[in-house]
Amino acid sequence: MIRRILDRRMGMALALVLGLPLLYAAPAAAQVFWYPPQFATGPISGGDSVAGLPLPQATQAELDAALVWNLRSGLNVAALKCQQWSGLRLIDNYNDVLVQHKVELAKAYSTLGNYFVRVNKVGGQRKFDDYSTRTYNGFSTANGQRSFCHVAGKVGRAVVGAPKGMFLAVAREQLRELRISLQGYSDPFIMGTDPRRLLVALPRLEQRCWKGVKYNERKCG
């Protein structure tokens, strides 16, 4: 009997709150922000400073390979660093990317490796390893972690959905936004500037605040 009364009171309390215009629904599991950021997008070329580390004397094919390698590295870092937002499916998407685009990724790896051997008389492989490490580190961020993960989720879905042989095309269109997302973004709701944070508290459930299923607002506020 007591439990039924409490359940009814809780239902009344929820009904009161649900009638308020300030109430909101929680974001979907795959959503990182209440108000998603809108970062600059647009095609990018391998020679663009935003694309990654400079590659002096690189051919167009080598610059294209660098675009592929940079985007793959960014998705790899996201899969490791964004696991708190499991709804983004970054790990699953990254693993699918490795299978879906394995031929193009292998070609990019070989092309970049040959570039470092070509432009360095000695230590080409070591230079390539250093380049790869610095590329990974370039996607590490503290202030921009949330925005980076948000964009990486979108980019990962785009790469998984791209036909085989189209990884480079996605990299040209998506890498700019992924890089810019590292700068961070302040969501109005998370930062406390959204008025929807000013929610009315649930009615209290003490015995003295209720007469049957009627809430005594005068006594309990």
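The values are calculated or read from the model by the stated rules, or taken from the named source; none is laboratory data. Quick caveat, the model's predicted, so the values are computed rather than measured. For the accessible areas, the whole protein counts, side chains as well, though only heavy atoms, and no ligand, DNA or RNA atoms are used. Shrake-Rupley method; radii C 1.70, N 1.55, O 1.52, S 1.80 Å.
Details
- Residue by residue, segment 147-163 carries 3J(HN,Hα) couplings of 5, 4, 5, 4, 5, 4, x, 5, 5, x, 5, 5, 5, 4, x, 7, x Hz when phi is fed to the Karplus relation 6.51 cos²θ - 1.76 cosθ + 1.60 (θ = phi - 60°); x denotes Gly or Pro.
- Accessible area (Å², 1.4 Å probe, nearest 10) - PHE139: 0 Å²
- Annotation for segment 148-187 versus segment 117-137: alpha-carbon center distance of 25 Å.
- Per residue, the convex hull spanned by the Cα atoms of segment 50-116 measures out at 88 cubic angstrom.
- Think of a 1.4 Å ball rolled over the protein heavy atoms: segment 62-112 then has 44 Å² of accessible area per residue.
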